[in-house]
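A.B. asks: Handing you this structure, nothing more for now.
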Amino acid sequence: MTKQSYKLPASFEHVQILVVGDVMLDRYWFGDVSRISPEAPVPIVRVEKREERLGGAANVARNIATLGGSSGLLGVVGQDEAGDTVDGMLQEMGVSSFLTRDPTISTIIKLRVIGRQQQLLRIDFEEAPTDAVLRDKLTRFNTLLPQYPVVVLSDYAKGSLVNVAEMIAAARQAGKCILVDPKGDDFSRYAGATVLTPNKSEMKHIVGSWKNEEELTLKAQKLRESLQLEALLLTRSEEGMSLYTAQEIRHFPAMAREVFDVSGAGDTVIATLALMLGAGLPIADAVALANRAGGIVVGKLGTATVSREELLEPADQG
């Protein structure tokens, strides 16, 4: 076993990143489970503690802020208590909030019920934003774009990024670094981005399955070229990550000592990657750090973050 350490810039405060996408509030109800309900074969959870965390695109902005970067968040929430909570949490984190309030919808909420450190149930509350609000959001995006060298588009297929193709075109025209966490069965709308970060299941949905690494490489490079991407970063869970560019193919082994909870791991990966690229690191170094961050965060419960100190700790490389 050898130790690998990382050298980071002294500060990330100068790195300005605009995060755009589906904004959510993650709620956690923790409780004790001691018996089964007499009404149905389900456990009874006696709730003892409640927590709220930023989710979706808001979790990406939160991860950037935790690592010391400067982030702004553009998204849509309802004119409701959950929307107020998201706005307040962003302010506490030092994230610039550019949220549009849509009075016709409710803020997206993911409620997770946890018993004995295990997720027993998740309840989702979600509605797509209205067309008028989305048009306003696109206008605001174009107004904010000059202030931010790096743009992260966090797509959870909840309706906030129906204008993603226009956003990418505008950002590319302005010479911005554009990172996209994709969703769905049509990646053509992400054409022209700098980096696309699909996970394994998303990749298979687009290009089909593969028998070996050679076939995967062919399919990944073909996809990267057809979408005019500078890089395709495939996140592969226990298999680590694979980076495909015109110049190189690099594989990064998984670094998680123990996988406790994968929720929000993709947010941490793309946030770290964006911050490192914004700070001027070569893409392979940026991916190595993003891989490290992902390995740390899956060892935590729920949508969590990684601190600069954790990222700097020497990592076991066997």
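The values are calculated or read from the model by the stated rules, or taken from the named source; none is laboratory data. These numbers were taken from a predicted model, which means no experiment stands behind them. Positions of Cβ are generated from backbone atoms using ideal geometry, with glycine treated the same way; all protein chains shown enter the neighbour counts. Note: areas computed on protein heavy atoms with side chains; ligands, DNA, RNA excluded. Shrake-Rupley method; radii C 1.70, N 1.55, O 1.52, S 1.80 Å.
A.B. asks: Relative contact order of the stretch 1-83: what whole-number percent is it, with Cα pairs under 8 angstrom and at least 6 residues apart? All intermediate terms of the calculation are to be shown ahead of the outcome.
C.D. replies: Numbers: 119 pairs, mean separation 32.2, N = 83.
RCO, the stretch 1-83: 39 percent.
A.B. asks: Could you please report the charge total around Val33, scoring K, R as +1 and D, E as -1 over all other residues with beta-carbon less than 15 angstrom from its beta-carbon? Present the calculation step by step, with values, prior to reporting the outcome.
C.D. replies: Details: positive: Arg35, Arg46, Lys49, Arg112, Arg116; negative: Asp32, Glu48.
Here the count lands on +3.
A.B. asks: Moving on. List the GluC sites (Glu not before Pro) in the stretch 83-133 that DSSP assigns to loop (not H, G, I, E or B) and whose Cβ has at most 15 other Cβ atoms within 10 Å. Which are they? Don't skip to the answer; put the middle values down first.
C.D. replies: Values: sites: Glu92, Glu126, Glu127; in loops: Glu126, Glu127.
Loop-located and lightly packed - Glu126, Glu127.
A.B. asks: Please give the calculated 222 nm ellipticity per residue for the chain, where each DSSP H segment of at least 4 residues contributes -39500 (n - 2.57) and the sum is spread over every residue; nearest 500 deg cm²/dmol? Write down the numbers at each step before the final one.
C.D. replies: Numbers: 9 runs with 103 residues, N = 318.
So the calculated ellipticity at 222 nm is -10000 deg cm²/dmol.
A.B. asks: While we're here: By DSSP, what percent of the beta bridges with both residues in the chain are antiparallel, rounded to the nearest 5? Working shown, then result.
C.D. replies: On the way: 32 of 67 bridges.
Bridges in the chain are about 50 percent antiparallel.
A.B. asks: Also, quick follow-up: Starting at the first residue of the stretch 152-165, write each ³J(HN,Hα) from the Karplus equation 6.51 cos²θ - 1.76 cosθ + 1.60 with θ = phi - 60°, in whole Hz, x for Gly and Pro.
C.D. replies: Each residue's phi maps through the Karplus curve to give 10, 10, 9, 9, 10, 6, 9, x, 7, 10, 5, 9, 4, 4 Hz.
A.B. asks: Counting only protein heavy atoms, what percent of the accessible surface of the chain is carbon or sulfur at a 1.4 Å probe?
C.D. replies: 49 percent
A.B. asks: Can you tell me the FRET efficiency between Asn142 and Gln117 if r is taken as the Cβ-Cβ distance and R0 is 35 Å, rounded to the nearest 0.05?
C.D. replies: FRET efficiency, Asn142 to Gln117: 0.20.
A.B. asks: List the pairs from Lys110/Lys222; Lys176/Lys222; Lys158/Lys204; Lys110/Lys200; Lys137/Lys222 whose alpha-carbon separation is above 31 Å, in the order I gave them.
C.D. replies: Values: Lys110/Lys222 36 Å; Lys176/Lys222 23 Å; Lys158/Lys204 21 Å; Lys110/Lys200 23 Å; Lys137/Lys222 33 Å.
Too far apart for the 31 Å limit: Lys110/Lys222; Lys137/Lys222.
A.B. asks: List the residues whose amide H sits under 5 Å from the amide H of Leu99, counting only those 5 or more places along or on another chain, with H placed 1.01 Å from N in the peptide plane.
C.D. replies: Long-range HN contacts for Leu99: Gly75.
A.B. asks: For Glu51, what charge total do you get from the other residues with a beta carbon under 9 Å from its beta carbon, if Lys and Arg give +1 and Asp and Glu give -1? Let's see the in-between values first.
C.D. replies: Details: positive: Arg27, Lys49, Arg50, Arg53; negative: Asp26, Glu52.
Local net charge: +2.
A.B. asks: For the chain, what is the accessible area per residue in Å², given a 1.4 Å probe and the full set of protein chains?
C.D. replies: Details: 14410 Å² over 318 residues.
It amounts to 45 Å² per residue over the chain.
A.B. asks: Gain in length, Asp186 to Val47, computed as 0.36 nm per residue apart minus the alpha-carbon separation, to one decimal in nm? It would help to have the intermediate numbers written out before the result.
C.D. replies: Details: separation 139, 0.36 × 139 = 50.04 nm, distance 4.08 nm.
So the extension gain works out to 46.0 nm.
A.B. asks: Another question, then. Test of the criteria: in the stretch 22-54, which GluC sites (Glu not before Pro) are in a DSSP loop and have at most 13 other Cβ atoms within 10 angstrom of their Cβ? Don't jump to the answer; show the numbers that get you there.
C.D. replies: Values: sites: Glu39, Glu48, Glu51, Glu52; in loops: Glu39.
In loop regions of the stretch 22-54 (DSSP not H, G, I, E or B), the sparsely surrounded GluC sites (Glu not before Pro) are Glu39.
A.B. asks: Given H placed 1.01 Å from N in the peptide plane, which residues other than close sequence neighbours of Gly159 have an amide H under 5 Å from its amide H?
C.D. replies: The list, which skips near neighbours in sequence, is empty: none.
A.B. asks: How big is the accessible area of Ser226 in square angstrom, nearest 10, if you roll a 1.4 angstrom probe over the protein chains?
C.D. replies: 80 Å²
A.B. asks: Within the stretch 96-134, whose backbone N sits under 11 Å from a point 7 Å along Cα→Cβ of Ser37?
C.D. replies: No residues fall inside that zone.
A.B. asks: Would you mind calculating the relative contact order of the chain from Cα pairs under 8 angstrom and at least 6 residues apart, reporting the percent as a whole number?
C.D. replies: Relative contact order for the chain comes out at 20 percent.
A.B. asks: In percent, how large is the relative contact order of the stretch 187-284, given Cα pairs closer than 8 Å and 6 or more residues apart? Working shown, then result.
C.D. replies: Details: 104 pairs, mean separation 23.1, N = 98.
RCO, the stretch 187-284: 24 percent.
A.B. asks: Suppose R0 equals 45 Å; then what is the FRET efficiency for Ala284 and Ala169 from their Cβ-Cβ distance, rounded to the nearest 0.05? Intermediate values should be presented prior to the final figure.
C.D. replies: Numbers: r = 28 Å, r/R0 = 0.61.
The formula returns an efficiency of 0.95 here.
A.B. asks: Amide H neighbours of Gly240 under 5 Å, counting only residues 5+ apart in sequence or on other chains, H built in-plane at 1.01 Å?
C.D. replies: Excluding prolines and chain starts, which carry no amide H, the hits are Ala254.
A.B. asks: Can you check what the net charge comes to around Ile109, using other residues whose Cβ is under 14 Å from the Cβ of Ile109 (Lys, Arg +1; Asp, Glu -1)?
C.D. replies: Working: positive: Arg27, Arg50, Arg53, Lys110, Arg112, Arg122, Lys158; negative: Asp22, Asp26, Glu51, Glu52, Asp80, Glu81, Asp84, Asp124, Glu126, Glu127.
It works out to a net charge of -3.
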